[in-house]
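One structure below.
The values are calculated or read from the model by the stated rules, or taken from the named source; none is laboratory data. None of the values given here were measured: they were computed from a predicted structure. Neighbour counts are summed over all protein chains in view; Cβ atoms, including those assigned to glycine, are modelled from backbone coordinates with ideal geometry. These accessible areas exclude ligands, DNA and RNA; they are computed on the full protein's heavy atoms, side chains included. Shrake-Rupley method; radii C 1.70, N 1.55, O 1.52, S 1.80 Å.
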Amino acid sequence: MHEESIQTAESAGTRMDGDGFMALLGRRRSTRMFKEQPVPQALLETLIRAACLMPTSCNRQLWHFVIITDPALKVKVSALSDAQQSYLYDAPALIAVFYDTSLETRNPCNTAEVTAGITIGTLLLAAEAHALGAIYLGGIRRPSGIGKAVGAPPYMRCFGLVCVGWRDDDPPSPNRREVADVLNMNRFALSQERYRADIRPHLWTLRQIADFRDKLLWYKGVHIDACTLHVDPDRRLSPLFQFMTGRLAMMLSRYQAPEMLDILSFNGDVVYQVLNACPGAFKRLYAYDLTPGIQRYMEERFARLSPTGPLAYLVNAEPDRLAIPLAAGQVQVISCYERLEHFEDPLPLLREMRRVLAPDGCALVLVSNRFYPHLYRYKRMRQGNYALGRNWNRGPERKFEPRQIERLFAEAGFQIRSVTGLQPVSIKIASVLASFCRRLGLYPLADRLADWAGQQGCTSSWLRNFSSVIAYELNRQR
Ligand SMILES: Cc1cc2nc3c(=O)[nH]c(=O)nc-3n(C[C@H](O)[C@H](O)[C@H](O)COP(=O)(O)O)c2cc1C
């Protein structure tokens, strides 16, 4: 029966269409960088026509679309919907998808929501079929604001935006789960391990973490100007970065033509700093991360930047295990800027760092401190403003207690040479007091407090246990 139906399909000439359709599905990628060139109105209407061919409950077709091309309106849409996604401005056209949920009787299968989903999926595929790039933005905190911005009636519920334009990026393919992993015949196989994609990425498997780092870089990386790609341009000016670069320069100066390794270089910010600040101080600088996609991002970025030097890219050698492709004892200096936080169990990474470090080598490891009141985190949680990616952009969610991380260092075979607290809590307290004094009109006291806070960038005293980040300089245990 099954063979018969395949034969019928083949003879009807639909088999090729099936292959073509699968190829289209496989080719589609979410596009996050667009060319400025506008999309012709007729082509946009074709996308809407494709969406209108989709099924609806009782064929009621309660959808409506608004295409936004006016730059001023985009700003309004972004502000009213609290979208915070840069490609919303870059895409030449945004399609706001509405559905009249008031007329779609409440039904246990949520037919209105299902229909909106089908519609959005179709818009994305139709865009791909017409050589356009597109992305659906569901990470919009107030979709009703889009309706307000375009003057939609209140009974029309907005289901987000599809950004459309000519593609100007080539993001790596994200991983997809295998059919065997997601399909059972007739009965749900409960013996299968539950698939987890937790909101906290450090709980993921190495493969998932690698894929996420890849995506995050290509998602959040934005064109700041014609020649530079940055994830977070402000970072390089931060006191943490300045401390780190200074300390690394000092460490490098202890060796003759040392080799240096940067752990999980990501967008290459640390590597960029070192190339800039310590030219000629090392024989080779290795930028190591998990995927070829991240390597490509860094290569493209560095090809356009001025500092050059003996830089080599390293990609993790195994998909399920952290494996730095370097010989044992090969490097003299290692930098690791808040990277242990990306793993539930950072020991495998620490052990790899210990393996590749030369017997007389040293590592600078910056760790985010659990005992510091990272207020932005609580504020975001209170606002429900908690999204994947946003956390990693603004600093990792995972924090370590000093004693916990120090135990892990010892377990991995490191001994601590020095400990420095960066941005101690006293700075924060002094700044809060200073602004309080200013409000009371006590300006001289406010100035003195602010002045004092400015001098407290780092500390080796007990206050280091209450600083935002703790910098450890490590040696191999003898
Ligand atoms: C419901 C939904 C909401 C999404 N929201 C966003 C978003 O707000 N921002 C974003 O950059 N991507 C968003 N995406 C795109 C996904 O991140 C993307 O589809 C996924 O990572 C797979 O990548 P691919 O589309 O290139 O295959 C969303 C996708 C879906 C289905």
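Observations on the structure shown:
- Å² of accessible area per residue within the chain, as computed with a 1.4 Å probe and no ligands counted: 51 Å²
- Counting only alpha carbon atoms, the long axis of helix 443-454 and the longest principal axis of the chain meet at about 90°.
- Taking the charge dipole of the chain about its Cα centre, with +1 at Lys and Arg Cβ atoms and -1 at Asp and Glu Cβ atoms, the residue from 462, 61, 335 reaching farthest to the positive side is 462.
- Look at the dipole of segment 31-165 built from charges on Cβ: of 162, 50, 112, the Cα furthest out on the positive end belongs to 112.
- Degrees, to the nearest 10: 292-303 long Cα axis against longest axis of the chain: 70 degrees
- Gyration tensor (alpha-carbon) shape descriptor, segment 31-165, a/c threshold 1.5: oblate
- The accessible surface of the chain, taken with every protein chain in place and a 1.4 Å probe, is 55 percent carbon and sulfur.
- Taking the chain and dividing mean pair separation by its residue count, relative contact order in percent (alpha carbons under 8 Å, at least six apart): 11 percent
- Span from the segment 102-166 Cα centroid across to the segment 403-444 one, whole angstrom: 45 Å
- Neighbourhood net charge (11 Å Cβ-Cβ; Lys/Arg +1, Asp/Glu -1) for residue 364: 0
- Segment 94-203: chymotrypsin sites (Phe, Trp or Tyr not before Pro) in DSSP coil with no more than 13 other Cβ atoms inside 10 Å: 155, 188, 195
- Dipole magnitude (debye, nearest 20) for segment 31-86, charges at Cβ of Lys, Arg, Asp, Glu: 100 debye
- Taking amide H positions as modeled 1.01 Å from N, with prolines and chain starts lacking one, no residue 5 or more places away or on another chain lies under 5 Å from residue 32.
- Annotation: amide H-H contacts under 5 Å for residue 401 (H modelled 1.01 Å from N, sequence separation of 5 or more, or interchain): 370.
- Helix 425-439 axis, angle to the chain major axis (alpha carbon atoms, nearest 10°): 80 degrees
- Loop-resident sites, segment 31-98, for trypsin sites (Lys or Arg not before Pro), counting at most 16 other Cβ within 10 Å (DSSP): 35, 60
- Charge dipole (debye, nearest 20) of the chain; +1 at Cβ of Lys and Arg, -1 at Cβ of Asp and Glu: 1720 debye
- Among the GluC sites (Glu not before Pro) within segment 112-197, those in coil by DSSP and having at most 15 neighbouring Cβ atoms inside 10 Å are 178, 193.
- Principal axis dimensions, largest first and in whole angstrom, of the chain by Cα: 74, 66, 48
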